[in-house]
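The block underneath contains the structure these notes are about, expressed in structure tokens.
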Amino acid sequence: MTYTSERPPLPETSEQLRARIPGWGADLDPKDRPSVPKLQWQEDRTGAHWEFPERQPEKWPRERSIEHEFLTPVFGTSCPPAGFSGMLRKLSYRKYSEGRAAHWLLLLAADRVDAWESHIRSLLTLRPDNPITQTGVLSEFSRHGVSSRFGKKRADVKHQMLDPVIVTGPWVLVGGLVFAAIRRMLRRGGR
């Protein structure tokens, strides 16, 4: 059983696996494996002082994979799911297996929605985000950002042409929508 200190049972014996899979167990001889001493099962149950770890209390219903019988003994609590992004995360865990692409695509979408929720929340405060200083754009000119990209075999060079579009595109789009909304309100107020 998962999360216990007992050794998990093998589904098949070594002889069954060797008969079924050609070449299986070629490294079973301890003389061929330098890591054998640390792989030996310790009868003192690996030093664990518990049969099953103490469970962390749930302060709200946590997301858990449908593959698991229960929630892991320890889990993160710093970012509780909230808003529409939280609803997407809960849907992903409730409906889809971790082996399905839909599970991970929903989690990616929830991250993007969470980013937009944060941007909207910051715009509604008295101190909104500053995309110029908080995205590191200014360091490109003061910290040798441009020169570090050429002749260095960096992996991010392939997508650097898209970076300005990805970083500034959403802000320009929101700015344009806000400008259009204010302009429409002013035209209606003048009539």
Self-check item: Flag for Gly176 being within 30 Å of Lys59 (Cα to Cα) and open to solvent by less than 90 Å² (accessible area, probe 1.4 Å)
Solution: no
Practice problem: Can you run down the residue pairs with Cβ atoms below 9 Å, 6 or more apart or on separate chains, where the first is in segment 69-96 and charged (D, E, K, R) and surrounded by 17 or more Cβ atoms within 10 Å (Cβ to Cβ) and the partner is modelled with pLDDT of 75 or more and assigned to a loop (DSSP other than H, G, I, E, B)? | Solution: Arg89/Glu63; Arg89/Pro81
Quiz item: Is one or more of the residues making up segment 121-140 open to solvent by 70 Å² or more (accessible area, probe 1.4 Å), under 23 Å from Trp60 (Cβ atoms) and at pLDDT 75 or above?
Solution: yes
Practice problem: Say whether the condition of being at pLDDT 75 or above, over 22 Å from the mean Cα position of the chain (by Cα), part of a loop (DSSP other than H, G, I, E, B) and surrounded by 11 or more Cβ atoms within 10 Å (Cβ to Cβ) is met by at least one residue in segment 5-20. | Solution: yes
Quiz item: All but one of (1) loosely packed, with under 12 Cβ neighbours inside 10 Å; (2) under 24 Å from the mean Cα position of the chain (by Cα) hold for Arg188; which doesn't?
Solution: (2)
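The values are calculated or read from the model by the stated rules, or taken from the named source; none is laboratory data. Predicted model, so just to flag it, every value in this text is computed and none were measured. Cβ sites come from the backbone with ideal geometry, for glycine too, and all protein chains shown count toward neighbours. Surface accessibility is based on the protein's heavy atoms, side chains included, excluding ligands, DNA and RNA. Shrake-Rupley method; radii C 1.70, N 1.55, O 1.52, S 1.80 Å.
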